[in-house]
Amino acid sequence: EFAPTAASVTKTYRVVNTADELRALAARLKAAGQFAFRVLVDRPSAMQASIVGLAFSTAPREADYVPVGHRALGAVASMPLNEALGIVGPVLADPAVVKSGHDLKFDTIVLGRHGITLDGLGLDTMLASYLLDANRSAHRLEDLALEHTSYKAISEEEICGRGVKAMSLADVPVEAAVDYAGERADLVGQIAPLLGEQLEREQLGDVYRTLELPLVP
């Protein structure tokens, strides 16, 4: 109950919604050589989902959110999806730039359906969590954040509602989704090295690299 949250920590989560800003972000991601990211969508099925936004992080407590599919009117606008993918797609497809994520298989499928090949896969925090503890009932990013960083992440239900009142992320204004979206990338960036070290300590690093990771695509 007393864990830090997005409302109580110092952070920098930026909205990137112009071509010039996104080109600058793509250059930063490529120069960094690695980043954490998440594809945010409007529904849970990877084979049916449309992209609502893309979140990227290269440092703790920092993230950039590229809104591309928010239908809700608000103070901040989305940019066209095709334009955004045209700019950031080459970085996502670059095998020399390492990407960490939470459920990279989901991101791979969604991006692939939109014409983007995701390459340079690094640490998948969901997959690593499964390898380290296959018996736990779920491997949610929120649970991993609390467990490994003592931080209480925003849940999708807090943003979109629950039950019959639940709405799609696409119906949430951009400004109301920024912290949630930023956390999806920022927390992966913080947790990935911790889980990577744990995999090595438990002699599961080779299993992850040679068996699990190649199966993601």
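Please list, ordered by first then second residue, the pairs with beta carbon atoms under 9 Å, 6 or more apart or interchain, first in the stretch 119-138 and at positive phi, second open to solvent by less than 60 Å² (accessible area, probe 1.4 Å) and assigned to a loop (DSSP other than H, G, I, E, B).
Gly120/Asp94; Gly120/Val97
Residue under question is Ser8, and the condition is that it be free of Cβ contacts under 8 Å to residues at least 12 places away in the same chain and either under 16 Å from the mean Cα position of the chain (by Cα) or farther than 16 Å from Leu92 by Cα (or both); does it hold?
Spelling it out, Ser8 is indeed free of Cβ contacts under 8 Å to residues at least 12 places away in the same chain and either under 16 Å from the mean Cα position of the chain (by Cα) or farther than 16 Å from Leu92 by Cα (or both).
How many residues does the stretch 121-139 hold that are part of a loop (DSSP other than H, G, I, E, B) and surrounded by fewer than 17 Cβ atoms within 10 Å (Cβ to Cβ)?
6
Are any of the residues in the stretch 70-84 within 19 Å of Leu187 (Cβ to Cβ) and in contact with a Gly (Cβ under 9 Å, 6 or more places away or on another chain)?
No, every residue in the stretch 70-84 fails to be within 19 Å of Leu187 (Cβ to Cβ) and in contact with a Gly (Cβ under 9 Å, 6 or more places away or on another chain).
Which residue out of Lys105, Lys152 is open to solvent by 50 Å² or more (accessible area, probe 1.4 Å), touching a residue at least 40 places away in the same chain (Cβ under 8 Å) and in a loop (DSSP other than H, G, I, E, B)?
Matching residue, one of Lys105, Lys152: Lys152.
So, in the stretch 167-213, how many residues would count as being open to solvent by less than 30 Å² (accessible area, probe 1.4 Å) and among the acidic types (Asp, Glu)?
Going through the stretch 167-213 one residue at a time, the tally reaches 2.
With the checklist (1) touching a helix residue (DSSP H, G or I) at 6+ places or on another chain (Cβ under 7 Å); (2) within 18 Å of Ser57 (Cβ to Cβ); (3) of a type outside the set (Val, Ile, Thr); (4) assigned to a helix (DSSP H, G or I) in hand, flag the one item Gly182 doesn't pass.
For Gly182, the exception is condition (1).
Tell me whether the stretch 82-98 contains one or more residues that are modelled with pLDDT of 95 or more and within 24 Å of His139 (Cα to Cα).
Scanning the stretch 82-98, I find at least one residue that is modelled with pLDDT of 95 or more and within 24 Å of His139 (Cα to Cα), so the answer is yes.
Of a type in the set (Lys, Arg), free of Cβ contacts under 8 Å to residues at least 60 places away in the same chain and open to solvent by 20 Å² or more (accessible area, probe 1.4 Å): does that describe Arg43?
For Arg43, the condition - of a type in the set (Lys, Arg), free of Cβ contacts under 8 Å to residues at least 60 places away in the same chain and open to solvent by 20 Å² or more (accessible area, probe 1.4 Å) - is not met.
Tell me, please, whether a residue that is part of a loop (DSSP other than H, G, I, E, B), without any contact (Cβ under 8 Å) to a residue 60 or more places away in the chain and exposed (fewer than 15 other Cβ atoms within 10 Å of the Cβ) can be found in the stretch 47-70.
Checked the stretch 47-70: at least one residue is part of a loop (DSSP other than H, G, I, E, B), without any contact (Cβ under 8 Å) to a residue 60 or more places away in the chain and exposed (fewer than 15 other Cβ atoms within 10 Å of the Cβ).
The values are calculated or read from the model by the stated rules, or taken from the named source; none is laboratory data. Source: prediction; values computed, not measured. All Cβ positions, glycine included, derive from the backbone under ideal geometry; neighbour counts span all protein chains shown. Just so you know, the surface numbers come from the protein's heavy atoms only, side chains and all, with ligands and any DNA or RNA stripped out. Shrake-Rupley method; radii C 1.70, N 1.55, O 1.52, S 1.80 Å.
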